[in-house]
Amino acid sequence: MWFGNAVLSKYRTKDTETSADLGIIQTATLTLLGLIIGFTFSMAIARYDLRQTYEEAEANAIGTEFLRADLLPSKTAETIKGLLNEYVDQRILFYSKQDHETAKQITQRTAVIQNAMWAELLPIARTQATPTIALAISGMNDVINTQGFTQAAWWNRIPIAAWWLMAAIAVGANVLVGFGARNFNQNIGLFMIFPIMISISFFLIADIDSPRGGVIRIDPRNLIDLKQNIAPKNSVTQSRGTQR
């Protein structure tokens with residue numbers, strides 16, 4: 001904005017027709033900027049809602065499989081439930097604010113637990129091809145699929161090219177506003193409102209579009225509630241005995 005006023009305005013013609021044309025260009029550019037910011041904000045909100053939906057879907061899939069584990073032989077059911085408890089812990093950690101290396105370790109540990117659960121079910125599925133066993137296998141498949149959907153949703157971000165486009169239009173809009181300003185030096189504080197509002201809008205969009213960092217993050221409330229519901233009975237009994 002300062003560049004448009006201090007540098008480019010020296011070459012501006014002061015006649016009425018040029019000022020009218022400049023007003024048309026300013027209006028069109030500002031309208032385009034507003035539309036692009038609005039559409040990008042809508043994209044970020046849609047991705048945020050999708051991540052929340054998949055967190056709920058993960059909790060439902062894990063909870064359902066925990067119940068279906070009772071359809072399996074007792075020893076296998078106990079092993080599967082233990083692995084699901086550990087799996088829920090990893091999924092809750094996935095949603096917390098982690099550095100890149102820790103997040104990578106969580107993802108690797110999640111894959112190891114998935115493989116262990118599948119390996120536990122596979123021999124039973126081959127030897128006991130019954131509808132109840134098939135139901136348990138289907139539930140485990142849903143657990144693994146929802147984790148993949150969640151990971152894909154976290155990778156789905158606003159493209160870098162879109163950010164560059166918004167930045168270019170925002171810079172152009174500020175230059176045009178500064179170029180058309182007639183009392184810029186006397187109203188610097190007033191003119192600063194426009195770039196500040198654009199910066200806040202960009203920050204809000206970037207924050208919503210950053211699932212692992214920033215201020216606005218996905219809270220794994222469903223997974224935390226599930227963890228409390230499927231806690232091992234031994235620990236619950238011990239806690240009740242302590243209270244007595």
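Below is a table of values for the structure above.
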{"read-out": "Solvent-accessible area per residue for the chain (1.4 angstrom probe, square angstrom)", "value": "58"}
{"read-out": "Options Ala167, Ala69, Gly178, ranked by Cα towards positive dipole end of the chain, top entry (Cβ charges)", "value": "Ala69"}
{"read-out": "Net dipole in debye of the chain [+1 Lys, Arg Cβ; -1 Asp, Glu Cβ; about Cα centre; nearest 20]", "value": "400"}
{"read-out": "Cut-off 13 Å between beta-carbons: net charge of the residues surrounding Ile113, Lys and Arg +1, Asp and Glu -1", "value": "-1"}
{"read-out": "0 to 90° range, to nearest 10: angle between helix 16-68 axis and the chain longest Cα axis", "value": "10"}
{"read-out": "Additional length obtainable on full extension of the chain from Thr130 to Lys104, 0.36 nm per residue less Cα span", "value": "5.6 nm"}
{"read-out": "Cβ-Cβ FRET estimate between Asn60 and Ala168, R0 fixed at 45 Å, reported to 0.05", "value": "0.55"}
{"read-out": "Scaled radius of gyration (Cα, divided by 2.2 N^0.38 Å) that segment 66-194 gives", "value": "1.90"}
{"read-out": "Potential extension, Asp207-Leu50 segment - 0.36 nm per residue separation minus Cα distance", "value": "55.0 nm"}
{"read-out": "Ranking by accessible area, most exposed first, for Arg47, Arg91, Arg126 with a 1.4 Å probe", "value": "Arg126, Arg47, Arg91"}
{"read-out": "Cβ-based net charge around Trp155, under 12 Å, with every Lys or Arg adding one and every Asp or Glu removing one", "value": "+3"}
{"read-out": "Area of Lys227 that stays accessible when all protein chains are in place (1.4 Å probe, Å², to 10)", "value": "50"}
{"read-out": "Distance between modelled label sites at Phe3 and Asn187, nm, 7 Å Cα→Cβ extension", "value": "2.4"}
{"read-out": "Extension reserve of the Phe194-Ile216 stretch, reckoned as 0.36 nm per residue once the Cα distance is removed", "value": "5.5 nm"}
{"read-out": "Helix-only CD estimate at 222 nm, as mean residue ellipticity for the chain, using -39500 (n - 2.57) per DSSP H run (n ≥ 4)", "value": "-27000 deg cm²/dmol"}
{"read-out": "Cα long-axis angle, helix 131-155 against the chain (0 to 90 degrees, to the nearest 10)", "value": "20"}
{"read-out": "Tilt relative to the chain, helix 74-95 - C-alpha long axis, 0 to 90 degrees, to 10", "value": "20"}
{"read-out": "FRET efficiency, Leu32 to Gln151 (Cβ-Cβ, R0 30 Å, nearest 0.05)", "value": "0.30"}
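The values are calculated or read from the model by the stated rules, or taken from the named source; none is laboratory data. Everything numeric in this text was worked out from a predicted model, so none of it was measured. Reconstructed Cβ throughout: ideal geometry from the backbone, glycine too, with neighbour counts over all protein chains shown. Note: areas computed on protein heavy atoms with side chains; ligands, DNA, RNA excluded. Shrake-Rupley method; radii C 1.70, N 1.55, O 1.52, S 1.80 Å.
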